[in-house]
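Asks: Got a structure for you, written out below as structure tokens; questions coming shortly.
Only the coordinates and a few stated rules stand behind these numbers; no lab work does. Keep in mind it's a predicted model, so treat the numbers as computed, not measured. Heads up, the Cβs are rebuilt from the backbone with ideal geometry, glycines too, and the neighbour counts pull from every protein chain shown.
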Amino acid sequence: MLIPVILGASTLTGFILYKKLKKYKKEKIKSNDDTNNFNYIQKVDSSLNNFVGNGKIVLNKLTNIIDSIPYVVFKRIHSLTGTIFIGGFLIFHYINNSLAKDPKTLNKFTKKMHKFPLLPLIEIFGIYLPLTIHIIIGLILLKTSKINYNLKYETNYRFILQRITAYIILFTLLFHLRTVRFNEYLPKFIRDALNIPAKRDLTFEKVNIWFKPPLRPIGLIIYKLFTLSVAYHLSNGLWTASITWGLAKTYEKQKKLRDLSNIIFLFLSLWGMLIIHFYSQDYKNHKELYNQNDEDLDNSD
Ligand code: HEM
């Protein structure tokens, strides 16, 4: 009788001890986990702090560098990017787009141009970089410059128009780039809905759809506004640049160059409108364009 009692009592004591030990182990693992988690959180926290700290140092250094550049240098960079780079590109762009008079020749020429191996470098360093710099400095000037609303003086409203056209170009240019330059990256449902070709080389077609029903009213408003704004912004910009660079120091010279700038405005506006007219041609006359495949474009002369 004693043996079963002792065996029973020791089994019970063993069971109670086992349960206690298990509970103790569980608690210990949990507290270790908490410590590990705590260390992990601390590690993430400190690396985040380091990252933010380093970021702040780089930003401070950049701000110091930008602050140390004299205002006049900014103005010169803004002027150079606007005249030589964007202005120069614009003239080339207009000559290229004038080929739209004959859509087949235009497509053939642009396809050849797209194959030029240095094109990506030219696009990045000759167009996108200067454009981005011009826009960033331009936005700072838009925010900081004081406008004189006394419209009795021609220079005041020219100054205001330069700023209004800057805003218009900014938005219409984004539209132009998204729908015409980067058309192949538009979501498929948008391309299908608006009939936008998925290929970059179909230059005539991708512009033409904006001047044909049902998109014609939108296309005409956006592109005419864009063309007239660019014509004004560049022609007046060439005039202010001539002052920036000290080419027109006397009032007489400034007046003469202002007249020249008005002539350039008229010329660029008419040229732009002619290009829109070329792109508005009825494509039924150029039905073969839509059946044109890569080989046709390569082999045709
Ligand atoms: C087709 C595109 C563009 C061309 C060809 C162009 C060209 C020019 C030129 C030549 C100037 C005169 C620089 C000088 O006075 O020395 C100028 C001024 C200016 N541009 Fe542009 N630009 C273009 C787009 C833009 C855009 C998108 C903005 C938007 C931020 C902008 C903002 C400005 C501003 C604010 C001025 C006046 C600067 C001042 O009078 O102090 N431009 N631009």
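Asks: How many angstrom separate the Cα center of the range 225-261 from the Cα center of the range 168-218?
Replies: So the two Cα centres are separated by 32 Å.
Asks: Report, largest value first, the span of the C-alpha coordinates of the range 59-299 along each principal axis, in whole Å.
Replies: Computed over the Cα atoms, the extents are 58, 44, 31 Å.
Asks: Of LYS75/LYS253; LYS115/LYS206; LYS75/LYS101; LYS143/LYS253, which sit over 27 Å apart, Cα to Cα?
Replies: Numbers: LYS75/LYS253 21 Å; LYS115/LYS206 19 Å; LYS75/LYS101 39 Å; LYS143/LYS253 30 Å.
In this structure, LYS75/LYS101; LYS143/LYS253 exceed 27 Å between Cα atoms.
Asks: With a cut-off of at most 13 other beta carbons within 10 Å, and DSSP calling the residue loop, which chymotrypsin sites (Phe, Trp or Tyr not before Pro) in the range 126-166 qualify? Please list them.
Replies: Details: sites: TYR128, TYR149, TYR153, TYR157, PHE159; in loops: TYR149, TYR153.
Here the chymotrypsin sites (Phe, Trp or Tyr not before Pro) that fit, given the DSSP loop and packing criteria, are TYR149, TYR153.
Asks: Could you grab the relative contact order for the range 59-299? Cα pairs under 8 Å, six or more apart, rounded to a whole percent.
Replies: On the way: 182 pairs, mean separation 61.5, N = 241.
Result for the range 59-299 is 26 percent.
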